[in-house]
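Each remark here refers to the structure printed beneath this line.
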Amino acid sequence: MEAFTLNVPPAVGLTDEQFYQLCVANEEWRLELTAEGELIIMPPTGGESGIRNADLTTDLNLWNRETKLGKVFDSSTEFRLPNGAYRSPDASWVILERWEALTPEQRRRFPPLCPDFVIELRSESDSLAKLRSKMREYQDNGTRLGWLIDPLTPLVEIYRGFTDVETLNFSIDKPPMLSGEDVLPGFVLNLTAILNT
């Protein structure tokens, strides 16, 4: 099943509270809202994507438990970006100081910030063009490092601050190792384990 998009006209709009309640009332769906007012309704992931997402989050969380530098979030976490969009990366990380600067209420709901690091993993129902647009949105809203991992093509796109995107094409039997660079010091993601489920 593919994601579909509904347009929410500016005259109708959704307040932060209304969008939150809409998500709570429809918890079986992943909902995102773009800055332009498009409500994106995404079905649950399939088995292979679910395994890959779990592996990504696990690897990131194991690194973070050792370093204690921030907080790791899975794909069910919705962030309210500075541009007004609500987005849920497949895996993400926020530096501890930024997380601790939020109020308890902001932490319980949709954190009003853009993660420092994001991963989007393309599944069979995802449009590569839409994922690229989403990655640019993260980049424009302050993400310091982002990885778009596409096992279908296969390729990885690396988004850093306000620089050009770096594309790594590879064969599925020899995927690259990805470095967390200075954003996630010491973190290295072995894509072989992730992609060969």
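The values are calculated or read from the model by the stated rules, or taken from the named source; none is laboratory data. Quantities reported herein were computed from a predicted structural model and do not represent experimental measurements. Glycine also receives a Cβ, built like all others from the backbone with ideal geometry; neighbour counts cover every protein chain displayed. Accessible surface is based on the protein model in full, side chains and every heavy atom, while ligands, DNA and RNA are left aside. Shrake-Rupley method; radii C 1.70, N 1.55, O 1.52, S 1.80 Å.
Brief remarks follow.
- A 1.4 Å probe over all protein chains sorts V8, V165 by accessible area into V165, V8, starting with the largest.
- With all pairs of separate Cα atoms included, segment 1-132 yields a Kirkwood hydrodynamic radius of 15.7 Å.
- Each Cα pair under 8 Å and six or more residues apart adds its separation to the average, and for segment 20-93 the resulting relative contact order is 29 percent.
- Accessible-area composition of the chain, carbon plus sulfur, in percent [1.4 Å probe]: 52
- Using heavy atoms of the protein chains and a probe of 1.4 Å, the accessible area assigned to F110 is about 40 Å².
- Contact order, relative form, for segment 84-197: 17 percent (alpha carbon pairs under 8 Å, 6 or more residues apart, mean separation divided by residue count).
- Antiparallel %, DSSP beta bridges [both residues in the chain], to 5: 85
- Selected from I41, I119, I149 as most flexible by GNM, with the chain as the system and alpha-carbon contacts under 10 Å: I41
- Stokes-Einstein D for segment 46-102, Kirkwood Rh over Cα pairs, 10 °C, 1.306 mPa s (µm²/s): 129
- The chain: DSSP helices with Cα axial extent of at least 20 Å and average Kyte-Doolittle hydropathy no lower than -1.0: 47-67
- For segment 32-118, the solvent-accessible area with a 1.4 angstrom probe is 45 square angstrom per residue.
- Cα gyration tensor category, rounded, prolate or oblate, for segment 117-197 with a/c compared to 1.5: oblate
- Whole-number percent relative contact order across segment 20-151, with pairs defined as alpha carbons under 8 Å at least 6 apart: 20
- The local environment of W99, defined by Cβ-Cβ distances under 9 Å, has a net charge of +1 under the rule Lys, Arg +1 and Asp, Glu -1.
- The rule of thumb for compact globular proteins, 2.2 N^0.38 Å, goes into the C-alpha radius of gyration of segment 75-177 1.11 times.
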